[in-house]
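Colleague: Below is the structure I would like to discuss, written out as structure tokens.
The values are calculated or read from the model by the stated rules, or taken from the named source; none is laboratory data. Given the structure is predicted, the values throughout are model-derived calculations rather than measurements. Because the Cβ atoms are built from the backbone with ideal geometry, glycine has one as well, and the counts that use them run over all protein chains shown. Note: areas computed on protein heavy atoms with side chains; ligands, DNA, RNA excluded. Shrake-Rupley method; radii C 1.70, N 1.55, O 1.52, S 1.80 Å.
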Amino acid sequence: MSKELQLKAFERLLIIMDELREQCPWDKKQTLQTLRHLTIEETYELGDAILDNDLNEIKKELGDLLLHIVFYAKIGSETNDFDIADVCNEICDKLIHRHPHIYSDTVVKDEEEVKQNWEKLKLKEGKKSVLEGVPRSLPALVKASRIQDKVKGVGFDWEEPHQVWDKVQEELNELQEEVKAGDQDKIEAEFGDVLFSMINYARFLNVNPEDALERTNKKFIKRFQYLESKANELGKPLMDMTLAEMDVFWNEAKKQ
């Protein structure tokens with residue numbers, strides 16, 4: 001599709017947004033605050049579609065998310081704080097500034113140098129910490145990944161994968177010691193350290209821990225629902241089955 005047609009489609013969305021904001025009782029009532037949780041939900045739905053590699057669903061969910069961006073900009077324009085042009089120009093200016101290897105004379109040798117320059121530029125922009133860019137409301141697992149990515153950008157990182165694995169082993173040993181001691185608060189603290197070190201190790205394996213865990217979640221759900229269906233066929237509630245009986249169907253599910 002040509003740029004002209006793409007711009008026309010975007011203009012159509014802006015016009016529809018204007019009409020909905022003026023005429024629809026629900027759309028009229030929305031604020032930045034009321035839309036927030038819906039935007040988060042839409043983002044997770046897009047994430048699900050990406051994990052499923054459902055391209056048609058990805059297209060739909062991207063549309064939902066784009067609607068939210070336009071909605072926020074529309075609300076901002078009503079208070080004369082910002083509009084969609086300001087939003088677009090802001091991100092364009094940021095991208096140009098943070099890609100001096102494209103728009104200036106900076107030379108980089110690889111992707112890693114690009115990421116390092118990105119973090120250095122953000123500090124020059126006035127940020128006091130490289131970790132300021134990590135949203136406080138991120139889920140803990142995703143936040144740990146982002147924290148580790150951020151500090152890596154300024155050179156605070158392990159050098160070899162085996163060093164990270166050694167750290168995982170060290171944290172596991174410390175966890176076991178606290179389990180034996182029975183101090184619940186220290187057990188929780190050490191368990192967190194184990195998770196953090198495992199997320200770090202995932203990065204060295206080029207594995208996204210969020211995607212890996214969600215893949216396992218989906219696999220478990222599929223197998224457990226197979227187990228439930230077999231129990232229903234037998235007319236026997238799961239609570240009345242022994243673990244040995246359930247294992248038979250669980251192993252069948254693993255072969256599916």
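Colleague: Rounded to the nearest percent, how much of the accessible area of the chain (1.4 Å probe, protein heavy atoms only) is carbon and sulfur?
Modeller: 56 percent
Colleague: Take the cross-link list Lys8/Lys74; Lys59/Lys122; Lys3/Lys122; Lys94/Lys120; Lys186/Lys218 and give me the ones stretching past 21 Å between alpha-carbons.
Modeller: Lys59/Lys122; Lys3/Lys122; Lys186/Lys218
Colleague: Put a dot 7 Å past each Cα toward the Cβ at Lys218 and Ile96; how far apart are the dots in nm?
Modeller: Label-label distance for Ile96 and Lys218, simple model: 4.0 nm.
Colleague: Rounded to the nearest Å, what's the spacing between the alpha carbon centres of the range 235-254 and the range 42-91? Just the number, please.
Modeller: 44 Å
Colleague: Angle check, please: helix 84-97 long axis (alpha carbons) against the longest principal axis of the chain (alpha carbons), in degrees 0 to 90, nearest 10.
Modeller: 70 degrees
Colleague: For the chain, with only Lys/Arg (+1) and Asp/Glu (-1) charged at the beta-carbon, what is the dipole magnitude about the Cα centre, in debye rounded to 20?
Modeller: Here the size comes out at about 460 debye.
Colleague: Additional query: Rounded to the nearest whole Å², what accessible area per residue is found for the range 34-76 with the 1.4 Å probe?
Modeller: Here the per-residue accessible area is 58 Å².
Colleague: Along the positive direction of the dipole of the range 103-256 (beta-carbon charges: Lys, Arg +1; Asp, Glu -1; about the Cα centre), which of Thr242, Ser197, Leu141 reaches farthest?
Modeller: Value computed over the given set: Leu141.
Colleague: Once you keep just the Cα pairs under 8 angstrom separated by 6 or more residues, what percentage relative contact order results for the chain?
Modeller: 10 percent
Colleague: Pull out the extension gain between Leu238 and Arg12, defined as 0.36 nm times the separation in residues minus the alpha carbon to alpha carbon distance; nm, one decimal.
Modeller: Contour length minus Cα-Cα distance gives 76.0 nm.
Colleague: Next up: Cβ neighbours within 10 Å, averaged per peptide: list 31-37, 220-226 in order, most packed at the top.
Modeller: So the order, starting with the most tightly packed, is 220-226, 31-37.
Colleague: Is it possible to state the helix-based mean residue ellipticity at 222 nm for the chain, with each DSSP H run of 4+ residues giving -39500 (n - 2.57), the sum divided by total residues, to the nearest 500 deg cm²/dmol? What is it?
Modeller: Mean residue ellipticity, 222 nm, calculated: -25500 deg cm²/dmol.
Colleague: Give the dimensionless ratio obtained when the Cα radius of gyration of the chain is divided by 2.2 N^0.38 Å.
Modeller: 1.36
Colleague: Using the Cβ atoms and a cut-off under 15 Å, what net charge is assigned to the surroundings of Pro237, where Lys and Arg are +1 and Asp and Glu are -1?
Modeller: The answer is -2.
Colleague: Rounded to the nearest 10 degrees, what's the angle between the helix 243-255 long axis and the longest principal axis of the chain, both from Cα atoms, 0 to 90?
Modeller: 50 degrees
Colleague: Tell me the relative contact order for the range 49-192 as a rounded percent, counting alpha carbon contacts under 8 Å between residues six or more apart.
Modeller: 11 percent
Colleague: Relative contact order, percent, of the range 157-256 when contacts are C-alpha pairs under 8 Å separated by at least 6 residues?
Modeller: That works out to 21 percent.
Colleague: Moving to a separate point now. How tilted is helix 3-23 with respect to the longest principal axis of the chain? Cα atoms for both, answer in degrees (0 to 90, nearest 10).
Modeller: 90 degrees
Colleague: Still on this model: Count charges around Glu22 for me, please; just the other residues with Cβ under 11 Å from its Cβ, Lys/Arg as +1, Asp/Glu as -1.
Modeller: Within the 11 Å Cβ shell, the charges total -1.
Colleague: For Asp81 and Ala140, FRET efficiency with R0 = 41 Å and r from the beta-carbon atoms, rounded to 0.05?
Modeller: The pair Ala140/Asp81 has a calculated efficiency of 0.80.
Colleague: Would you please give the FRET efficiency between Thr43 and Trp250, computed as 1/(1 + (r/R0)^6) with r the Cβ-Cβ distance and R0 = 41 Å, to the nearest 0.05?
Modeller: Once rounded, the FRET efficiency stands at 0.80.
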